[in-house]
Amino acid sequence: MRSFLTVTSPAADRTLLTIAEMCAAAGVTGNGSDADLQAMEAQNAASIMAECDIAIGAGAPPTLRKETLTETIYQAYGESLILARRHEIAINSIVEDGVTLLNTDFQVDPESGVVTKLCDDYPVCWSAKKIVVVYDAGFETVPGDLKKVAADFLRSTWLEKSRDPLVKSERVKVEGVDETEKQFWVGSVPGQSNEGAVPDIVAGQLTRFRNYRV
């Protein structure tokens, strides 16, 4: 099967944290850092989407927030259709080779995005040259476990503003004249098993949200 994804109605809000939650995660008070926090949260959210391999649709960047998508699937043969996006799936319409299916003709798992075709309420195989599915996917309200991931990530990146994570050690010698010696890690930073933007401690919490391609 081949499929093409288009974002019909992009998410109105792509953030994972409110500004109050950003401030709490970073440990700052007042609104003097709001712009920096919002920019950092947006960058972190984009990194989380990449880490989770969220499918990219034409028309908007990938997100785990709720939006309406149109997915066109060619040569659909098999027991199930697996939609490109997951989480809180709601099917608006399915058109199979030009015929609009009734709601009783299919069922969908809202978390996995697996769509099963039904005949007399019994599962049957899909067999179509072209299927067009219009559906909503993503979280209207960000779940607590995803908020925790975003908060942990923001806290980590905010603290890194004041230090270089590539510095292995730093020695300052003061004997009349300041002398600073720095040693840097070569290759991966210890505690980080990959070169991605998302730290291991954050990536490990993303299991539920990963999009495992079939």
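The values are calculated or read from the model by the stated rules, or taken from the named source; none is laboratory data. Source: prediction; values computed, not measured. When we count neighbours, we look across all protein chains shown, and the Cβ atoms used for this are built from the backbone with ideal geometry, even at glycine. For accessibility, only protein heavy atoms count, side chains too; no ligands or nucleic acids. Shrake-Rupley method; radii C 1.70, N 1.55, O 1.52, S 1.80 Å.
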- Message: Quick check: at a probe of 1.4 Å, how many percent of the accessible area of the range 109-166 sits on carbon and sulfur atoms?
- Response: 57
- Sort VAL124, VAL7 by accessible area with a 1.4 Å probe, largest first. VAL124, VAL7
- Task: When a/c is below 1.5 the answer is rounded, else prolate if a/b is larger than b/c, else oblate, so apply that to the range 85-134 with a ≥ b ≥ c taken from the square roots of the Cα gyration tensor eigenvalues.
- Result: oblate
- Just how far, in whole angstrom, is the range 71-103 from the range 130-163 if you go by their alpha carbon centroids? 26
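Could you tell me whether the range 9-67 comes out rounded, prolate or oblate from its Cα gyration tensor? Rule is a ≥ b ≥ c as square roots of the eigenvalues, rounded for a/c under 1.5, then prolate if a/b exceeds b/c, otherwise oblate.
On the way: a/c = 2.84, a/b = 2.14, b/c = 1.33.
Prolate, since a/c reaches 1.5 and a/b exceeds b/c.
Counting only protein chains, not ligands or nucleic acids, how are ILE56, ILE48 ordered by accessible area (probe 1.4 Å), most first? If you can, show how the numbers build up before the last one.
Details: ILE56 130, ILE48 0 Å².
Sorted descending by solvent-accessible area, the residues read ILE56, ILE48.
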- Would you mind working out the magnitude of the charge dipole of the range 1-142 relative to its Cα centre, with +1 at each Lys and Arg C-beta and -1 at each Asp and Glu C-beta, to the nearest 20 Debye? 420
- Item | Label-point gap, in nm, between ALA39 and ALA58 - each point 7 angstrom along Cα→Cβ | 3.3
- Query: Zone of GLN75 (label point 7 Å along Cα→Cβ, backbone N under 18 Å): which residues in the range 104-130?
  - Reply: 126-130
- Item | Hz values of 3J(HN,Hα) by residue in the range 24-35 - Karplus curve (6.51, -1.76, 1.60), Gly and Pro given as x | 5, 5, 7, x, 10, 10, x, 10, x, 9, 4, 5
- Task: Using a 1.4 angstrom probe, figure out how much accessible area the range 6-111 has per residue, in square angstrom, rounded to the nearest whole.
- Result: 49
- Message: From the phi angles alone, apply the Karplus equation (6.51, -1.76, 1.60; θ = phi - 60°) to the range 65-80 and give each ³J(HN,Hα) in whole Hz, x where the residue is Gly or Pro.
- Response: 7, 5, 7, 9, 10, 10, 10, 9, 10, 10, 6, 8, 10, x, 6, 9
